[in-house]
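J.: Sharing a structure with you now.
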Amino acid sequence: MSKTLNIAIVQTALHWEQPQKNRDHIATVLKSLKAEVDLVLLPEMFTTGFTMHPENIEEAEGEKTLDWMRKMAIEKQIAISGSIVYSENGNYYNRLFFVEPNKVSVYDKRHTFTLAGESKVYTAGTSKTLINFKDFKLCPFICYDLRFPVWSRNVEQYDVLFYLANWPKPRINAWDALLKARAIENMAYCIGVNRTGFDFLGHEYPGHSAVYDALGEELVFSDIPGVSYATLSKDHIDTTRKKLKFLEDQDTFSLEV
């Protein structure tokens, strides 16, 4: 059994609604990855920025990006995850792909961001996704999901939850606080991946990508563009939960979606 998971977080500015430029840029970044990386995490809508005009993106770009992710995963023998604008059956989704060399998992953003009008443009997801990867159980989410603790509640005994985001500077204190809270309440590693730079609408994104352990201790924090690394320990999860059985005291209730 693998006892560690090596994570690379790509925190970068994005070209507005230019998928090929973003794929080329990130491919260049990935060339310099450390050899021991198992999983690369990219920001929300990493090929376009947080656009509310998915009609500006050619429908074929979704499959082009998925093919590119498969290529990167196979070439480097890693998993890679990010969300993109994706068109399917006449609907647009803010869809997260978790791509391994021989497998693809999908999560559609549940909480579409009403303040920006995302709920009027993109179809919301209806289910959580659990991913078994290198003997870790992962649970992915996207940006605004972070504000809803019931949705991320750890009833599945996952080891790691991660949020891929375009989280702007005016509300970055909430991002910092909620990432730490999600780690503590779920007794799991919590990873937040944010972008940097300005988007087409003038919104600034300050990064603050971070990793917290199951006790809420900060392992990684960055507010500059670049790649950050973290090594997650299965023993940390097992030992912490064995000593502190807080998850066993959770209230029981059902969630309707």
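The values are calculated or read from the model by the stated rules, or taken from the named source; none is laboratory data. What you see is a predicted model, and the numbers here were worked out from it, not measured in a lab. Backbone-built Cβ (ideal geometry, glycine too); neighbour counts: all protein chains shown. Heads up: the accessible areas ignore ligands, DNA and RNA and are worked out on the full protein's heavy atoms, side chains in. Shrake-Rupley method; radii C 1.70, N 1.55, O 1.52, S 1.80 Å.
J.: Search region 3-17 for residues that are among the acidic types (Asp, Glu) and pair each with any residue that is open to solvent by less than 10 Å² (accessible area, probe 1.4 Å) and modelled with pLDDT of 95 or more when their beta-carbon atoms are under 9 Å apart and the residues are at least 6 apart or on different chains.
T.: Glu17/Thr47; Glu17/Thr48; Glu17/Gly49; Glu17/Thr51
J.: For region 1-36, what are the residues that are open to solvent by 30 Å² or more (accessible area, probe 1.4 Å), closer than 27 Å to Thr51 by Cα and in a loop (DSSP other than H, G, I, E, B)?
T.: Scanning region 1-36 gives Ala13, His15, Trp16, Glu17, Gln18.
J.: Same structure, new question: Mind listing whichever residues of region 127-148 are under 11 Å from the mean Cα position of the chain (by Cα) and among the charged types (D, E, K, R)?
T.: Residue satisfying the conditions is Asp145 alone.
J.: Could I ask something else about it? For region 123-148, which residues satisfy the criterion of being of a type in the set (A, V, I, L, M, F, W, C) and open to solvent by less than 50 Å² (accessible area, probe 1.4 Å)?
T.: Residues satisfying the conditions are Ala124, Ile131, Phe133, Phe136, Leu138, Cys139, Phe141, Ile142, Cys143, Leu146.
J.: Moving to a separate point now. Just checking, how many residues over region 85-100 are more than 11 Å from the chain's Cα centre (by Cα), of a type outside the set (D, E, K, R) and part of a strand (DSSP E or B)?
T.: So the answer is 8.
J.: Could you list all residues from region 178-204 that are open to solvent by 20 Å² or more (accessible area, probe 1.4 Å), under 22 Å from Gly226 (Cα atoms) and assigned to a helix (DSSP H, G or I)?
T.: Result: Lys180, single match.
J.: Which of the residues that make up region 42-60 are open to solvent by less than 30 Å² (accessible area, probe 1.4 Å) and either part of a loop (DSSP other than H, G, I, E, B) or out of contact with any strand residue (DSSP E or B) (no Cβ under 7 Å at 6 or more places or on another chain) (or both)?
T.: Leu42, Pro43, Glu44, Met45, Phe46, Thr47, Thr48, Gly49, Phe50, Thr51, Ile57, listed by residue number.
J.: Hey, among Tyr107, Tyr93, Tyr86, which residue is touching a Pro at 6+ places or on another chain (Cβ under 7 Å) and either closer than 27 Å to Ser233 by Cβ or not polar (S, T, N, Q) (or both)?
T.: It is Tyr107.
J.: Against the condition over 22 Å from Phe98 (Cα atoms) and open to solvent by 10 Å² or more (accessible area, probe 1.4 Å), how does Gly216 come out, does it pass?
T.: no
J.: Given (1) out of contact with any Asp or Glu (no Cβ under 6 Å at 6 or more places or on another chain); (2) closer than 27 Å to Lys169 by Cβ, identify the lone condition not met by Cys143.
T.: The number of the failed condition is (1).
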